[in-house]
Structures are given as C-alpha cells and as structure tokens.
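Following: one structure in structure tokens, then a few remarks.
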Amino acid sequence: MSLIKKPVGEFKVQAYHQDAFKTVSRKDILGKWSVFFFYPADFTFVCPTELEDLAEHYGEFQKIGCEIYSVSCDSHFVHKAWHDVSDTIKKLQFPMLADPTGMLTRDFNVMIEEEGAAERGTFIVNPDGVIVAYEVIAGNVGRNAVELLRRVKASQFVAEHGDQVCPAKWQPGDKTLKPSLNLVGML
C-alpha cells in the first residue's frame, strides 16, 4: 500500500538539536516542507556518511524552506552521546528525533520489527503534513542528499504549479511537462 497522500500521524518525540534536548511534534512540521530521514541506528557505518552528506547540504534545504528530521529508534540520550564522540555527527544542525518506542517509525511503515530498528526511508512531507514522495532502500546502501534536494524542489514546484509535472533529472528552470487532456484519456 502506498504512503503517498498519507497524513503524518500525531506524534510527540524527544530530539537532540543544537546541544539541547527538545520535544518535536506533528504541530512543529505543519506550515513548512519537511524531510524525515530514517536510518537504522546511531554508532553504525553507513548512517554517518549519509548524515554528513545531509549536513553539508542543510543550508540549501533551509533556503527552500525545508526542515530535515533524522530519525532512528535510539533515544535522545544516545543521539547526544553519538554527537559528543563523533566529529562527523557534530556537524549536524538539524534535529535528531528519538523514536525508542517505534511509534513514528511504524507510522511511516519502516520498522524492522525483529531488529527494533528503522529501514533507510526518506520521506518528503508537504506543509499540510502529508507525504508527497518517499523512498525506502536496503540498509547497506547509502542515500544522496543532492538527489533528495532535487526531489524536494520538484515536489515544491508541482505543488505550486499543479498542472505541470517534472521529468527525470528536472532542475529548477528546466522545462516541465504539461499533460495534454487528449493524451490523458489514452493512458
């Protein structure tokens, strides 16, 4: 079952963000674009490479009005411990959401029940709190922040220009497609 057009459920979780513990809830994601970036666990091998890639492009996400929320089933205390000992994780400026009960991970349907960990899932959520794009991949394959940024921009463009669609490799300023009513009936 697809999660496209699924509203993010109510949630309230602890986060480690800017050297402090904070609470983040569904209310905090409304009114802006968000990326939920699920990863299996802190203190692992692929996860820090992905999070560092996101950290390096975080300013670009911020410029387009998009917040990033990294999420694992670790506690906010474990997030802090990882931050304190890892030069890579110290670069993160976005909130690290703690989901030790798996409530959020299950809502996004990325919980690996037998491991108590999240799949590598990336979700683009619109300002109404609705999932508009997502990708879930194997735990041994890292993701690319530049491609994610492109997909957020394309999702924003389509939301603003509902009668147009973005082709493969679309970048802001590129040509878009406008489906013809005559062709739609033939599909």
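The values are calculated or read from the model by the stated rules, or taken from the named source; none is laboratory data. This one's a predicted model, so the numbers in the text were calculated from it and none came from an experiment. Every residue, glycine among them, receives a Cβ derived from its backbone with ideal geometry; neighbour counts consider all protein chains shown. With ligands, DNA and RNA removed, areas are computed over all heavy atoms of the protein, side chains included. Shrake-Rupley method; radii C 1.70, N 1.55, O 1.52, S 1.80 Å.
If you roll a 1.4 Å probe over the heavy atoms of the protein chains, what accessible area per residue do you get for segment 1-100, in Å²?
Accessible area per residue, segment 1-100: 47 Å².
What fraction, in whole percent, of alpha-carbon pairs in segment 22-123 exceed 16 Å separation?
Roughly 54 percent, rounded to a whole number.
Helix-only mean residue ellipticity at 222 nm, the chain, DSSP H runs n ≥ 4 weighted -39,500 (n - 2.57), per residue, nearest 500. What is it?
Estimated from H runs of four or more residues: -9000 deg cm²/dmol.
What is the distance in Å between the Cα centroid of segment 101-126 and that of segment 59-92?
A separation of 17 Å, based on Cα centres.
Can you give me the long-range amide H partners of residue 120? Hydrogens built in the peptide plane at 1.01 Å from N, cutoff under 5 Å, separation of 5 or more residues or another chain.
Under 5 Å from the amide H of residue 120: 137, 139.
Would you mind checking the radius of gyration and Dmax of segment 98-163 based on alpha-carbon positions, in Å?
When restricted to the Cα atoms of segment 98-163, Rg and Dmax are 13.8, 43 Å.
When N is the residue count of the chain, what does its C-alpha Rg come to as a fraction of 2.2 N^0.38 Å?
1.06
Averaging the inverse of every distinct alpha carbon separation and then flipping it gives the Kirkwood radius. What is it for segment 37-77, in angstrom units?
Final number for the Kirkwood radius of segment 37-77 is 11.1 Å.
Which of the listed residues, 177, 137, 123, is farthest toward the dipole's positive end in segment 90-187, when Lys, Arg count +1 and Asp, Glu count -1 at the beta-carbon?
177
If you roll a 1.4 angstrom probe over the protein chains with everything in place, what fraction of the accessible area of the chain belongs to carbon and sulfur, to the nearest %?
Looking at the chain in its full context, I get 55 percent from C and S.
Which pairs in the list 32/153; 32/63; 5/169 are over 19 Å apart, alpha-carbon to alpha-carbon?
Pairs exceeding 19 Å: 5/169.
Pairs of Cα atoms under 8 Å, at least six residues apart: use those to get the relative contact order of the chain, whole percent.
Relative contact order of the chain: 26 percent.
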